[in-house]
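The values are calculated or read from the model by the stated rules, or taken from the named source; none is laboratory data. Here the structure is a predicted model, which means the values were calculated and not measured. Please note: Cβ atoms are built from the backbone with ideal geometry, for glycine as well, and neighbour counts cover all protein chains shown.
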């Protein structure tokens, strides 16, 4: 549909809304039984129903950046195939058993300075959603710091937090929660 | 820009009406023993077949508030529609304190005349009486407006039946992917409308003080981003898409500023964005801590927020134009998601005890804290605009639902929507 038709439609909708204004006669008398006052006021009654339909927006869908792939990253016996780091509740510290994975990625990034990774921080569903958004970022930044200490450089990172909004596993038990408290290392090339 | 907008709008107008209009329904789940008995006589319909049963809407509003106990219809001794037909002695026998009568008529089936009268049964006096003229489409809203008058007349507090709710829904589509929607509905769950749809999560809707706009957070561009959207036109604008987190919008009481959480300088801090100029002012400054979830005091002088600067999330207060933050909550090791009552006297928050999350209310003067909910999965509390109820999200049988509790903890309501996960509720301001 062309622009003119839409403008016309909008105008029509607007007029529709304007015309459907209610006349509310509002008597606030004490001892008057039912008081009627002249002069119509378009009260709030109509505002809500004026459009009478959904006037919403559609969020555009972003196509993800191309993920980078290599034989080392895909080899299941290579620690680089491990690209998810898990965390304890309300913690952003890397657990001892995951240190080797982080070291391997730091070395790989150091050897391949043309590579970039997106660090996506996530939390489990417990507690405040906004606090969790910040906690997810804290986890991603903690991984970034370790990777940088071990050979990667600052330009190789993008950091994003999804808080508890994109769980890896749906569910409300420790098994689901422990899989959702994570940072995903996503290689995106350059 | 405008053109892009119109095109998007066009796509929406084409498909939105086909969206399922799931309804939130309210049920009282506890504690209405102090409810006030009231007789609501079905309104007389003079030769009309009205599209909505207005007295049923009023009755439903008053009953679902938990503050009123409408008499059963079969117990009504008579069906007066005007004062001359009322015998107060009969109604006193029923121990009804209030009596609401009215009638609805129409000459053309398009415009309706509605009148009501509310009586004090014991004194035999009229407390309120009004006459209205509305189109058929306005009858439901008028029902809420009359319920507001009855509520305010008999309780002395503002009615909130003409207000709206905003909330986020999540459904799993047939392809297994999640679809998210920001919706608004009337306070009774009727008249749901979709404000925004996305394949990506939506968070933290916040009403502008005039009720005409919503601020919210989306991930549609791959990261958190704050938008402001006009509800009548659907027109929206990105107001914060800096590096890092852009989240937790909260309108200043004058509607001219948004408090936000931004981590553009490396750490989540509370900022105030002046909407007209785009000017940003940093309010908190604590490089080690998470500072987020700002909310304004009703006078606009202070901002309350969540911070873990003491090691655990607690609520703090800081002057809105910056300054030293002082801690407000001391009980328990997890207090987050603050909201301040419209009179500025109470703080509601999520209060965790042993890994379980409750809605609590704290008196800001005395510091006394009261836990209001029993289930341990509550989050996102939001005061009703009359300060009498707190709306929050919780879980029922593994599904997100909304619930509300009175500030004294006595009245509990559940608002559920079939087949949908519902969360992130926000109660609109009163209509101006």
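Here is a check on your reading of the model: is residue B:323 closer than 24 Å to residue B:245 by Cβ and in a loop (DSSP other than H, G, I, E, B)?
When the stated conditions are applied, residue B:323 passes them.
Among the listed residues B:183, B:170, which satisfies the condition of being surrounded by 21 or more Cβ atoms within 10 Å (Cβ to Cβ) and within 19 Å of residue B:25 (Cα to Cα)?
Result: B:183 is the single residue among B:183, B:170 that is surrounded by 21 or more Cβ atoms within 10 Å (Cβ to Cβ) and within 19 Å of residue B:25 (Cα to Cα).
Looking at the stretch B:39-66, which of its residues are surrounded by fewer than 17 Cβ atoms within 10 Å (Cβ to Cβ) and over 27 Å from residue B:87 (Cβ atoms)?
Across the stretch B:39-66, the qualifying residues are B:49, B:51.
Would you pick out the residues in the stretch B:277-297 that are surrounded by 15 or more Cβ atoms within 10 Å (Cβ to Cβ) and either touching a helix residue (DSSP H, G or I) at 6+ places or on another chain (Cβ under 7 Å) or outside any strand (DSSP E or B) (or both)?
Correct list: B:283, B:284, B:286, B:289, B:290, B:292, B:293, B:297.
Whether any residue in the stretch B:364-371 is away from every other protein chain (no Cβ under 12 Å), on the phi > 0 side of the Ramachandran plot and surrounded by fewer than 14 Cβ atoms within 10 Å (Cβ to Cβ) is what I want to check.
yes
Could you tell me whether the stretch B:301-322 includes any residue that is over 21 Å from the mean Cα position of the chain (by Cα), at pLDDT below 95 and farther than 30 Å from residue A:177 by Cβ?
Within the stretch B:301-322, one or more residues are over 21 Å from the mean Cα position of the chain (by Cα), at pLDDT below 95 and farther than 30 Å from residue A:177 by Cβ.
Quick one: in the stretch B:150-167, of everything that is more than 18 Å from residue B:211 (Cβ to Cβ) and buried (at least 23 other Cβ atoms within 10 Å of the Cβ), which residue is farthest from the chain's Cα centre (by Cα)?
Within the stretch B:150-167, the match that is farthest from the chain's Cα centre (by Cα) is B:150.
Just for the stretch B:104-123: of the residues that are surrounded by fewer than 22 Cβ atoms within 10 Å (Cβ to Cβ) and in contact (Cβ under 8 Å) with a residue 60 or more places away in the chain, which one is nearest to the other protein chains (Cβ to nearest Cβ)?
Step by step, filter the stretch B:104-123, then rank; the result is B:105.
Here's the yes/no breakdown for (1) surrounded by fewer than 16 Cβ atoms within 10 Å (Cβ to Cβ); (2) within 14 Å of another protein chain (Cβ to nearest Cβ); (3) modelled with pLDDT under 95:
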residue	(1), (2), (3)
A:71	yes, no, yes
A:76	yes, no, yes
A:89	yes, yes, yes
A:95	yes, no, no
A:102	no, no, no
A:106	no, no, no
A:115	no, no, yes
A:122	no, yes, no
A:134	no, yes, no
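Give the stretch B:333-355 a look and list any residue that's at pLDDT 95 or above and surrounded by fewer than 19 Cβ atoms within 10 Å (Cβ to Cβ), or say none.
Of everything in the stretch B:333-355, those that are at pLDDT 95 or above and surrounded by fewer than 19 Cβ atoms within 10 Å (Cβ to Cβ) turn out to be B:342, B:343, B:344, B:345.
Name the residues in the stretch B:230-252 that are in a loop (DSSP other than H, G, I, E, B) and either surrounded by fewer than 17 Cβ atoms within 10 Å (Cβ to Cβ) or within 11 Å of chain A (Cβ to nearest Cβ) (or both), would you?
Passing the criteria: B:231, B:232, B:233, B:234, B:235, B:241, B:243, B:244, B:245.
Given B:126, B:83, B:74, B:133, which one is within 14 Å of chain A (Cβ to nearest Cβ) and without any contact (Cβ under 8 Å) to a residue 24 or more places away in the chain?
Just a single option satisfies the conditions, and that option is B:133.
State all residues of the stretch A:68-82 that are assigned to a helix (DSSP H, G or I) and in contact with a strand residue (DSSP E or B) (Cβ under 7 Å, 6 or more places away or on another chain); if no residue qualifies, say none.
A:73
Within the stretch B:213-229, how many residues are more than 9 Å from chain A (Cβ to nearest Cβ) and either farther than 20 Å from residue B:273 by Cβ or surrounded by fewer than 20 Cβ atoms within 10 Å (Cβ to Cβ) (or both)?
0
Under the condition of being under 21 Å from residue B:265 (Cα atoms) and not in a strand (DSSP E or B), which residue from the stretch B:298-309 is nearest to the other protein chains (Cβ to nearest Cβ)?
Across the stretch B:298-309, the extreme among qualifying residues is B:308.
Let me confirm something: among A:182, A:166, A:129, which residue is in contact with a strand residue (DSSP E or B) (Cβ under 7 Å, 6 or more places away or on another chain), away from every other protein chain (no Cβ under 14 Å) and under 30 Å from residue B:381 (Cβ atoms)?
Just a single option satisfies the conditions, and that option is A:182.
Quick check on the stretch B:332-353. Is at least one of its residues assigned by TED's automatic domain parsing to the domain that holds residue B:253 and in contact with a helix residue (DSSP H, G or I) (Cβ under 6 Å, 6 or more places away or on another chain)?
Looking through the stretch B:332-353, at least one residue is assigned by TED's automatic domain parsing to the domain that holds residue B:253 and in contact with a helix residue (DSSP H, G or I) (Cβ under 6 Å, 6 or more places away or on another chain).
All but one of (1) away from chain A (no Cβ under 14 Å); (2) over 17 Å from residue B:385 (Cα atoms); (3) under 19 Å from the mean Cα position of the chain (by Cα) hold for residue B:341, so report the exception by its number.
The failed condition is (2).
Would you point out the residue of the stretch B:253-270, among those that are buried (at least 23 other Cβ atoms within 10 Å of the Cβ) and not in a loop (DSSP other than H, G, I, E, B), that is nearest to the other protein chains (Cβ to nearest Cβ)?
The extreme case among them is B:261.
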